[in-house]
1. For the chain, set up a Gaussian network in which alpha carbons nearer than 10 Å are linked by springs, and say which option among ALA238, ALA148, ALA383 fluctuates the most.
2. What is the sum of charges, Lys and Arg at +1 and Asp and Glu at -1, for the other residues whose Cβ falls under 13 Å from the Cβ of ALA313?
3. Mind checking the full-extension length gain between ARG279 and ARG236? Use 0.36 nm per residue of separation minus the Cα-Cα distance, one decimal, nm.
4. Roll a 1.4 angstrom probe over the protein heavy atoms and tell me the percent of accessible area of the chain that is carbon or sulfur.
5. Whole number in Å², please: accessible area per residue of region 4-261, 1.4 Å probe, ligands, DNA and RNA not counted.
6. Given the C-alpha atoms of region 127-269, compute the convex hull and give its volume per residue in Å³.
7. Give the lysines whose C-alpha is closer than 29 Å to that of LYS361, dropping any in the same chain fewer than 8 places away, or say none.
8. Quick one: among GLY131, GLY245, GLY82, which has the greatest mean-square fluctuation in a GNM of the chain with alpha-carbon springs under 10 angstrom?
Amino acid sequence: MPTSKQHASNQTADQARTTAFATRLIHAGGTTDPVTGAVNVPIYQTSTYQQDGVGQDRGWEYSRTGNPTRAALERLIADLEGGVAGFAFGSGMAAITAVLSLLSAGDEVIIPTNVYGGTYRVLNQVFNRFGLTFRVVDTTDPANVEAAIGPNTAATLVESPANPLMTVTDLAEVSRIAHEHGLLSIVDNTFMTPYLQRPLELGADIVVHSATKYLGGHSDVVAGLAVVASQELADRLAFVQNATGGVLGPFDSFLLIRGIKTLGVRMDRHLKNAGVIARALQQNDAVAKVYYPGLPDFPGYEVNRRQASGAGAMLSFELASGYDAHAFLASTRLVALAESLGGVESLVCHPATMTHAAIPKEERDRVGITDGLIRLSVGIEDADDILADINQAIAAAKEA
Ligand SMILES: *Cc1c(COP(=O)(O)O)cnc(C)c1O
């Protein structure tokens, strides 16, 4: 069990939790090296560990099972999410795959309409072959979740806000309903991070992350994390992590610890910039609609405000008729056309042909992922520079 074999951290989890969040981002992993005093956790680039005698290891046996650099990251994310134990994986999908591996053939998972495409794909094309089924539900109304629960339902896996329409789901209410029916409540917290939203405090059992996005924050590492709320789940997920082996390597664990240290300052700027861009787009006649949970007239505004301390920095918008989305996407200069999100640089994407292309067009149109929809990951550049680039691309998108 990794928890029983980790190097002593310089603070216990309980002590750390009384410390302010911005401080915990930097110190919660207990990352000072006990041997040299190095203020950063060393990159233990090793697969195995010499044992002092048969059955006498020094707490580490083999790096799939446990590695000191990865363990520091796992302690850090467990502390930040307020959980019992953390687990680091080679990608967000590896983390989600490990968590879904807690379920069994015959079980059913409830997922939201706007679920991340990779989560839909792994359920629809991998887990379904092993007898794990799923049901897509509009979770923005928790009553729909309750109504969808059947005899085989074993878990809910929701996101809030969910992409690309930034739909907000009431995490406390979904967790309450899940527990009333004996289900596991799983939340993908990628878009918000524990800086803005802590699903375990709202009642969820498991939080998963694509740490590739805001936690890493620099578009230079692919990683996934999971945090569980009980020792029973910690033991089960530790077993799955070691048995299936999708672990994060020592160097990427180091990069992620480094990224998380600045999460607070980055997120503050992300929020500020996203607010500026969302309000400017809303006031622009060339824009028909803005999807951002930080706008007071957005449908999920109140619920998001209750459960999170900010609205994140992902937003989508639709150009008005007479403007061509493809021309817009061909015209941005500072803002790069790319998949992914959450990095320091602003990125733009076209959900209908990029992130959500796997959904049939009629279904896309029905839920609102139209051909004119544009998704922005607002970075931490100067807000006026981002806005100027968007405005010149809108001007270039005007049809003759
Ligand atoms: C990117 C993403 C994932 C998948 O993570 P990877 O690191 O790309 O494997 C899962 N959920 C959400 C919400 C994401 O944005």
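The values are calculated or read from the model by the stated rules, or taken from the named source; none is laboratory data. Since this is a predicted model, take the numbers as computed values, not measurements. Using ideal geometry, Cβ is built from the backbone for each residue, glycine included, and neighbour counts are taken over all protein chains shown. When the accessible area is computed, the model is the full protein with side chains, heavy atoms only, and any ligands, DNA or RNA have been set aside. Shrake-Rupley method; radii C 1.70, N 1.55, O 1.52, S 1.80 Å.
1. ALA148
2. Summing Lys/Arg as +1 and Asp/Glu as -1 gives +2.
3. Length difference between fully extended and current span is 10.9 nm.
4. For the chain, the apolar C and S fraction of the accessible surface comes to 52 percent.
5. Heavy-atom accessible area per residue stands at 40 Å².
6. Dividing the Cα hull volume of region 127-269 by its residues yields 138 Å³.
7. Correct list for LYS361: LYS213, LYS289, LYS398.
8. Per the Cα network of the chain with a 10 Å cutoff, GLY131 tops the list.
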